[in-house]
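Participant: Here you go, one structure.
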Amino acid sequence: MKNDTVGMSIIVKTVTRLTVGLILIYGIYIVLQGHIGPGGGFAGGVIVALSLIHLMLAFGKDEVLAKFNKARGLFLTSFAAIVFLLISTSRFLGRQSKSVALSDIVISVMVGAGLFVIFLALVVFIKDSLEGAKK
Amino acid sequence: MELHLILIFMICASIMAVEIKDLISSVIALSAVGLGLCLAFLILKAPNLAITQLVVEILLVVILIQATIKRDLPLIKDGRWLFNTVSTLVFIAVFLTFGYFSLKELPSFGQPTMRVSQDYLANSLAQTGSVNIVSLITLNFRGFDALAEVAVLFTAVIAVLAITRKTGKVYEK
């Protein structure tokens with residue numbers, strides 16, 4: 001936000017500053033009401049990832065990478081995958097568990113972090129490595 | 001009736017997406033196919049799938065425009081057109097044959113066999129405490145499907161990161 005030359009124009013930056021919080025809250029709402037109405041973990045997680053992508057397209061990659069880098073995304077993805085493995089195999093141990101909302105939250109963390117890391121890899125890291133290869 | 005109109009629109013848009021020369025017009029035509037699929041899900045009364053389809057389609061368009069538009073794509077036009085045409089026709093014939101026989105075995109549209117789903121409709125709320133039956137079935141009764149889905153996504157993340165890593169891409173002349 002200090003550096004005005006990175007990213008898109010000032011109009012896009014202002015609109016992004018206004019809308020990105022709303023998109024994030026809408027994604028969390030879709031996740032949390034997934035066991036009551038339409039929605040669920042996958043769709044909500046993709047909306048959360050889209051809000052991060054929106055921020056990155058408007059402000060450039062450095063603003064977002066300072067808060068959410070590759071290591072943190074990989075940690076969240078792996079952690080959520082392990083937690084979901086525990087949730088779904090815990091049905092072997094006892095009766096039918098009432099865990100739809102919990103599974104929704106875990107899947108949303110997994111999908112949001114994973115899809116944002118895929119976007120980072122496909123858009124940012126490929127560009128860097130191609131430029132590095134040309135030098 | 002609306003469903004048939006949307007299907008015709010989707011077929012036209014996908015033919016356009018294949019045939020158009022300009023890459024960004026092709027991506028726009030592809031996103032029109034996804035929007036038609038989302039509307040078809042809404043007409044078939046599946047709002048869960050419609051939300052997921054719309055959101056994934058937006059992410060797909062953003063990634064396609066950002067990641068592929070500015071690259072040079074190698075385009076091979078000549079050679080082996082006879083082999084390609086014959087193999088395509090053979091695969092289409094095999095697919096249509098098996099599709100005909102398997103579609104004859106299905107129950108007709110709108111009248112599903114209700115043996116398992118009656119049990120889900122009767123007992124699901126008392127057993128799991130969730131109102132949305134669709135997400136309940138995918139996450140609770142068929143929980144291992146969701147587990148396999150998560151495993152596929154995790155594998156995709158690891159594979160993309162392994163392909164696009166910086167170290168190991170040293171080109172020697």
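Participant: Given Cα pairs under 8 Å that are at least 6 residues apart, what percent is the relative contact order of the stretch B:6-75?
Facilitator: The normalised contact order for the stretch B:6-75 reaches 30 percent.
Participant: Calculate the FRET efficiency for residue B:7 and residue B:165 from the Cβ-Cβ distance with a Förster distance of 41 Å, rounded to the nearest 0.05.
Facilitator: 0.45
Participant: Just checking the output field for A:73-83: average partner chain Cβ neighbours within 10 Å of each residue's Cβ? Let's see the in-between values first.
Facilitator: Details: counts 2, 3, 0, 0, 6, 3, 0, 2, 7, 1, 0.
Per-residue shielding by partner chains comes out at 2.
Participant: Across peptide B:125-134, what mean number of C-beta atoms from other chains lies inside 10 Å of a residue's C-beta?
Facilitator: Details: counts 0, 0, 4, 6, 5, 8, 5, 10, 0, 3.
Partner Cβ neighbours, averaged per residue: 4.
Participant: Can you tell me the relative contact order of chain A? Whole percent, Cα pairs under 8 Å, sequence separation 6 or more.
Facilitator: About 30 percent, as a whole number.
Participant: Can you work out ³J(HN,Hα) from phi for every residue in the stretch B:8-15, in order, using Karplus 6.51 cos²θ - 1.76 cosθ + 1.60 and θ = phi - 60°, giving whole Hz and x for Gly and Pro?
Facilitator: Coupling constants for the stretch B:8-15: 4, 4, 5, 5, 4, 5, 6, 5 Hz.
Participant: Helix-only estimate, please: 222 nm mean residue ellipticity of chain B, summing -39500 (n - 2.57) across DSSP H runs of length 4 or more and dividing by its residues, to the nearest 500. Write down the numbers at each step before the final one.
Facilitator: Details: 7 runs with 125 residues, N = 173.
After summing the helix terms and dividing by the residues of chain B, the value is -24500 deg cm²/dmol.
Participant: While we're here: Counting other beta carbons within 10 Å of each Cβ, put A:107, A:23 in order, fewest first.
Facilitator: A:23, A:107
Participant: Return the equivalent ellipsoid semi-axes of the stretch A:17-102 as a descending list in whole Å, where each equals the square root of 5 times an eigenvalue of the C-alpha gyration tensor.
Facilitator: So the equivalent ellipsoid measures 30, 18, 7 Å along its semi-axes.
Participant: Between the stretch B:137-161 and the stretch A:39-108, what is the C-alpha centre distance in whole Å?
Facilitator: Using only Cα atoms to place each centre, the spacing works out to 12 Å.
Participant: What value in Å³ per residue do you get for the convex hull of the alpha-carbon atoms in the protein assembly as shown?
Facilitator: Dividing the Cα hull volume of the protein assembly as shown by its residues yields 201 Å³.
Participant: Roughly how crowded by other chains is peptide B:140-153, in terms of the mean Cβ count from those chains within 10 Å of each of its Cβ atoms?
Facilitator: Mean partner shielding for this stretch: 5.
Participant: For a footprinting-style exposure proxy, rank B:38, B:12 by other Cβ within 10 Å, fewest first.
Facilitator: In increasing order of surrounding Cβ atoms, one gets B:12, B:38.
Participant: Mark the label point 7 Å from the Cα of residue B:145 along Cα→Cβ and return the residues of the stretch A:14-38 whose backbone N is within less than 17 Å of it.
Facilitator: Within reach of a label on residue B:145, which here means backbone N under 17 Å from a point 7 Å along Cα→Cβ, the stretch A:14-38 contributes A:35, A:38.
Participant: Next question, about the same structure. In whole Hz and in residue order, list the ³J(HN,Hα) couplings for the stretch B:33-48 that follow from phi through the Karplus curve 6.51 cos²θ - 1.76 cosθ + 1.60, θ = phi - 60°; x for Gly and Pro.
Facilitator: Calculated HN-Hα couplings, in order: 4, x, 5, x, 5, 4, 5, 5, 4, 5, 5, 7, 6, 10, x, 4 Hz.
Participant: Also, quick follow-up: Return a whole-number percent for the relative contact order of the stretch B:10-143, with Cα pairs under 8 Å and 6 or more residues apart as the contact set.
Facilitator: About 14 percent, as a whole number.
Participant: Let me ask another. Tell me, A:126, A:10, B:43 in order of fewest to most beta-carbon neighbours within 10 Å? Display every interim value, and only then the final one.
Facilitator: Working: A:126 16, A:10 9, B:43 13.
Listed from fewest to most nearby Cβ atoms, that is A:10, B:43, A:126.
Just so you know, all these numbers are worked out from the coordinates, no wet-lab data involved. None of these values were measured; they are calculated from a predicted model. With ideal geometry, Cβ positions are generated from the backbone for all residues, glycine too; neighbour counts draw on all protein chains shown.
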